[in-house]
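The values are calculated or read from the model by the stated rules, or taken from the named source; none is laboratory data. None of the values given here were measured: they were computed from a predicted structure. Positions of Cβ are generated from backbone atoms using ideal geometry, with glycine treated the same way; all protein chains shown enter the neighbour counts.
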Amino acid sequence: MRARDLAVEYESVSVGSDALDAARLMAEHRLPGLLVLDERGEPKAILPASQMVKILVPDYVIEDPALAAVVDEQHADRLCEALTGRRVGECLPRSAAPPPIADPDDTALEVAALMARVRSPLVAVAEKDKAGTRLLGVITASHLLHELLGRAETPSSSSEV
């Protein structure tokens, strides 16, 4: 199976998208992260949901987790205000690496190796040429596991679970 066969449509945002809308998108679809596209529509980064959560938590609580127990619920309910007025590009970690991009002809094992090497929950599948990069879709770790496990399953092993 090739990357082009495994790639599916996936939610993406641009660097200029509203951060609060991006967080809502992640929450509504229970996504591990979003693919962030640059101004040309090419993959720029992956914004993990954990990064969005980190933005919500005040620095003083990250530095001293014991303080989380003393923050009242009314204050905790306002944590999402930290995203108000921010753009997705501002939420990316400073050290954000370019997203892993698989070639459409890569095998499932090549995609798995790429995903493991860069520790990413998703891999973009794109064709690159002189005109730029054309996104075909995304392969998530859970989708890849589903496909690999489905192929490894035998009739006798499926009934033992």
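Here are a few things to note about the model shown:
- Sole residue being touching a Leu at 6+ places or on another chain (Cβ under 9 Å) and of a type in the set (V, I, T), chosen from V70, V118, V61: V61
- Some residue of region 70-86 being in contact (Cβ under 8 Å) with a residue 24 or more places away in the chain, of a type in the set (A, V, I, L, M) and in contact with a strand residue (DSSP E or B) (Cβ under 7 Å, 6 or more places away or on another chain): no
- Leading residue by the ranking (surrounded by the most Cβ atoms within 10 Å (Cβ to Cβ)) among those in region 87-134 that are in contact with a Gly (Cβ under 7 Å, 6 or more places away or on another chain) and part of a strand (DSSP E or B): V125
- Selection from region 110-161 of residues that are modelled with pLDDT of 90 or more and of a type in the set (V, I, T): V111, V118, V123, V125, V138, I139, T140
- Hits in region 103-122 (condition: under 16 Å from the mean Cα position of the chain (by Cα) and without any contact (Cβ under 8 Å) to a residue 60 or more places away in the chain): A112, L114, M115, A116, R117, V118, R119
- Residue count for region 34-58, restricted to those that are among the small types (G, A, S), within 23 Å of L136 (Cβ to Cβ) and surrounded by fewer than 17 Cβ atoms within 10 Å (Cβ to Cβ): 1.
- Answer residue from region 26-35, given it is touching a Leu at 6+ places or on another chain (Cβ under 8 Å) and without any contact (Cβ under 8 Å) to a residue 60 or more places away in the chain and is farthest from M115 (Cα to Cα) among those: M26
- Test result for A116, more than 17 Å from A22 (Cα to Cα) and in contact with a strand residue (DSSP E or B) (Cβ under 8 Å, 6 or more places away or on another chain): no
- Within region 16-25, considering residues that are out of contact with any Lys or Arg (no Cβ under 6 Å at 6 or more places or on another chain), in contact (Cβ under 8 Å) with a residue 24 or more places away in the chain and surrounded by fewer than 21 Cβ atoms within 10 Å (Cβ to Cβ), the one nearest to L136 (Cα to Cα): S17
- In summary, I62 fulfils each of the numbered conditions (1) within 23 Å of R117 (Cα to Cα); (2) over 12 Å from the mean Cα position of the chain (by Cα) with the single exception of condition (1).
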